[in-house]
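Every read-out reported here was derived from the displayed coordinates using simple, explicitly stated rules and does not represent laboratory data. This structure is a prediction, so every number in the text was calculated from the model and none was measured. Positions of Cβ are backbone-derived with ideal geometry, glycine not excepted, and every protein chain shown enters the neighbour counts.
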Amino acid sequence: MTKEEIKKQITSWYESDLYSIKDLKEKRMQIQIQPDTIVPFADFLVNKMGLRFIIASAMHLKEGIVILYHFSDDSSGIILNVRVVLAHTNPKIESLTKLFTAANWIEREMHEILGIDFLHHPNLEKLISEGNWAEGVYPYRKDYKD
């Protein structure tokens, strides 16, 4: 699949839920969507378009807590970064664990270090911080406010 074919399929299905689509590099694209559409959008990417979920990453920026969900079109080598922005305070998003068991540990880690509440996650227990910092302390959070 080419980047143009990927863009065409995505915009034909999800145009109203997209904030932006842009090329980052020759084989990398970024799509920003509304956070409440992550589960159906991820399902569409994998089960309709044949992309593969790789991993997710998160960071706290001035605009909010940003999660990047990374997907791959293995046949072309194109990587699609799906970007969502959550509120600084009380960040919440639906868990992808019901679609991908691989999302389990990375969502637990993001919950632990950034305080993101992954709704309907089967087990948001501590993964890395047991005894390292106090409950409710999120070491990767900055001092930004909504």
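Not counting the cut sites, what is the longest span of the chain without chymotrypsin sites (Phe, Trp or Tyr not before Pro) that DSSP labels loop and that have at most 16 other Cβ atoms within 10 Å?
Numbers: sites that count: TRP133, TYR140, TYR144.
Longest site-free region, per DSSP loop and neighbour criteria: 1-132.
If the reach is capped at under 12 angstrom between alpha carbons, list the aspartates and glutamates near LYS142, excluding any in the same chain fewer than eight residues apart.
Partners found: GLU63.
Which residue, ALA42, LEU18, GLY136, has the largest displacement toward the positive end of the dipole of the chain when charges sit on each Cβ (Lys, Arg +1; Asp, Glu -1)?
LEU18
Need the list of lysines near LYS98 for cross-linking: C-alpha distance under 25 angstrom, and skip anything on the same chain fewer than eight residues off.
Straight-line reach from LYS98, under 25 Å: LYS48, LYS126.
Trypsin sites (Lys or Arg not before Pro), restricted to region 1-90: which are DSSP loop and have at most 12 other Cβ atoms within 10 Å?
LYS62
Pairs of alpha-carbon atoms within less than 8 angstrom and 6+ residues apart define the contacts here; what relative contact order does the chain have, in percent?
Relative contact order here is 20 percent.
Given [x] 1.25; [y] 1.00; [z] 1.07 as candidate values of Cα Rg over 2.2 N^0.38 Å, which corresponds to the one derived from the coordinates?
From the options [x] 1.25; [y] 1.00; [z] 1.07, the structure gives [z].
Using only helices, what value at 222 nm comes out for the chain when you add -39,500 (n - 2.57) per DSSP H run of length 4 or more and divide by the total residues, to the nearest 500 deg cm²/dmol?
When only DSSP H runs of four or more count, the value is -6000 deg cm²/dmol.
Equivalent-ellipsoid semi-axes (√(5λ), Cα gyration tensor) for region 3-87, whole Å, largest first? Intermediate results must be reported in sequence, preceding the final value.
On the way: eigenvalues 75, 40, 30 Å².
For region 3-87, the ellipsoid semi-axes come out as 19, 14, 12 Å.
Each label point is 7 Å from the Cα along the Cα-to-Cβ direction; what then is the distance between the points at ILE128 and GLU5, in nm?
Calculated label separation equals 3.7 nm.
How many angstrom lie between the C-alpha centres of region 77-139 and region 9-70?
16 Å
Once the Cβ-Cβ distance between ASN90 and VAL39 is put in as r, and R0 is 22 Å, what FRET efficiency do you end up with, to the nearest 0.05?
E(calc), rounded to 0.05, equals 0.70.
What fraction of the DSSP beta bridges in the chain is antiparallel, stated in percent and rounded to the nearest 5?
Counting DSSP beta bridges with both partners in the chain, the antiparallel share is about 75 percent.
Using Cα positions and a limit of under 16 Å, work out the lysines in reach of LYS25, with same-chain residues fewer than 8 apart set aside.
Excluding near neighbours in sequence, the set is LYS3, LYS7.
Assign unit charges at the C-beta atoms only (+1 for Lys and Arg, -1 for Asp and Glu), then state the dipole size of region 1-129 relative to its Cα centre in Debye, rounded to the nearest 20.
240 debye
How tilted is helix 103-114 with respect to the longest principal axis of the chain? Cα atoms for both, answer in degrees (0 to 90, nearest 10).
Computed tilt is about 50 degrees.
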